[in-house]
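The values are calculated or read from the model by the stated rules, or taken from the named source; none is laboratory data. The model shown is predicted, which means the values in this text are computed figures rather than measured ones. Note that we place each Cβ from the backbone using ideal geometry, even for glycine, and neighbour counts take in every protein chain shown.
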Amino acid sequence: MKKLMVLLLTTVIFIGCGEEKKEQKIKLGDYDNSKMVENTTSEEVNDNATLTNNENDMDDQNSEMVEVRIEGNDKMQFNKDKITVPSGKTIKLTLVHVGELPEKVMGHNVVILKKGTDVQKFATEAINFANNNYVPKNAENVIAHTEIIGGGESTTIEFEAPEPGTYTFICSFPGHYVNMQGAFVVE
Ligand code: CO
């Protein structure tokens with residue numbers, strides 16, 4: 001009886017040791033895709049570069065015209081004593097009377113005088129030309145002038161800028177030139 005038990009035990013031991021273990025090797029190769037990242041965004045950057053060059057056409061057409069605005073008020077004042085414009089341009093000058101007094105009481109104009117003009121002498125003579133916007137007819141020393149306007153009115157003139165230099169502009173309404181004058185500078 002004891003011999004039988006020994007045989008059974010040894011058989012069990014043999015069977016337990018006889019199993020083969022097969023190792024499974026997991027292949028880790030062929031997955032090295034980390035270098036596949038590409039710079040796919042670089043081709044999209046240049047699309048906006050061609051959209052910027054068409055906006056200057058209107059500016060080129062209007063670049064010969066320079067607009068200037070000046071105001072006169074009921075206190076016998078211009079709102080600026082210096083107007084600066086570039087040479088070689090057409091000047092579009094607008095005078096706005098921001099007051100309320102009528103033309104015959106507080107009339108304003110802008111008269112730009114040539115260099116060397118005696119301003120006081122010119123203004124004194126201008127008093128005689130009420131029917132010509134207080135500008136002597138055929139005056140050789142006037143570069144440009146507006147009409148006389150009253151409160152709430154405006155007037156615009158266009159003229160070619162004279163050669164570079166500093167000129168005097170005045171309101172030639174009687175008595176106004178003392179207080180209403182300034183420098184018209186062409187650069
Ligand atoms: Co005036």
Item to check | Which listed residue, of Leu101, Leu95, is within 11 Å of the ligand (Cβ to nearest atom), part of a loop (DSSP other than H, G, I, E, B), surrounded by 15 or more Cβ atoms within 10 Å (Cβ to Cβ) and touching a residue at least 12 places away in the same chain (Cβ under 8 Å) | outcome: Leu101
Checklist outcome for this item: Selection from segment 91-147 of residues over 38 Å from the mean Cα position of the chain (by Cα) and of a type in the set (Gly, Ala, Ser) yields Ala123, Ala126, Ala130, Ala139
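Condition check ((1) crowded, with 16+ Cβ neighbours inside 10 Å; (2) within 12 Å of the ligand (Cβ to nearest atom); (3) assigned to a loop (DSSP other than H, G, I, E, B)) across all residues:
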residue	(1), (2), (3)
Glu140	no, no, yes
Gly152	no, no, yes
Glu158	no, no, no
Pro174	no, yes, yes
Ala183	no, no, no
Item to check | Residue, nearest to the ligand (Cβ to nearest atom), within segment 55-84, restricted to residues that are of a type in the set (Asp, Glu), in a loop (DSSP other than H, G, I, E, B) and modelled with pLDDT under 95 | outcome: Glu64
Next on the checklist: Criterion first (within 12 Å of the ligand (Cβ to nearest atom), touching a strand residue (DSSP E or B) at 6+ places or on another chain (Cβ under 8 Å) and of a type in the set (Ser, Thr, Tyr)) does Tyr167 satisfy it?
Outcome noted: no
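Results for (1) in a strand (DSSP E or B); (2) crowded, with 20+ Cβ neighbours inside 10 Å; (3) of a type in the set (A, V, I, L, M); (4) without any contact (Cβ under 8 Å) to a residue 40 or more places away in the chain, shown as yes or no for each residue.
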position	(1), (2), (3), (4)
Lys121	no, no, no, yes
Asn131	no, no, no, yes
Ala144	yes, no, yes, no
Thr155	yes, no, no, no
